Amino acid sequence: MNKYELTVVVNAKIEDDERTQVIEKVKALITRFGGNVTDVDEWGKRRLAYEIQKMKEAYYYFIHFESDASVPGDVEERIRIMDNVLRYLCVKDEA
């Protein structure tokens, strides 16, 4: 099992419950493909380095999980088409 960190940047213009649903859906995807979510770190609303879809702010989430090497690719395929996710990045955690 490898350790990964998935960064998800979520639209700031949606309601709190919708934002929570987006993160729950991402966690469910990780679990569905055989991963184990160990931690979710919410950084809250932050200013973006550049505008994305005419937005200057977004919510940042860091999801730590353990899984086999194939899981991050499967999860990214599904996250790519989610409406309220502006950006995402999954990296292998070497620590």
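The values are calculated or read from the model by the stated rules, or taken from the named source; none is laboratory data. Keep in mind it's a predicted model, so treat the numbers as computed, not measured. Glycine also receives a Cβ, built like all others from the backbone with ideal geometry; neighbour counts cover every protein chain displayed. Heavy atoms of the whole protein, side chains included, go into the accessibility calculation; ligands, DNA and RNA do not. Shrake-Rupley method; radii C 1.70, N 1.55, O 1.52, S 1.80 Å.
One residue stands out in the range 52-74 among those that are out of contact with any Lys or Arg (no Cβ under 9 Å at 6 or more places or on another chain) and at pLDDT below 95: the one that is least open to solvent (accessible area, probe 1.4 Å), namely 71. Within the range 45-70, the set of residues being in contact (Cβ under 8 Å) with a residue 60 or more places away in the chain and hydrophobic (A, V, I, L, M, F, W, C) comprises 65, 69. For the range 25-57, a residue qualifies if it is within 15 Å of residue 74 (Cβ to Cβ) and among the polar types (S, T, N, Q), and the qualifying residues are 31, 36. Being touching a Pro at 6+ places or on another chain (Cβ under 9 Å), open to solvent by 70 Å² or more (accessible area, probe 1.4 Å) and in contact (Cβ under 8 Å) with a residue 12 or more places away in the chain holds for only one residue in 92, 3, and it is 92.
Of all the listed residues (42, 18), the sole one being without any contact (Cβ under 8 Å) to a residue 60 or more places away in the chain, among the charged types (D, E, K, R) and either surrounded by 14 or more Cβ atoms within 10 Å (Cβ to Cβ) or more than 10 Å from residue 6 (Cβ to Cβ) (or both) is 42.
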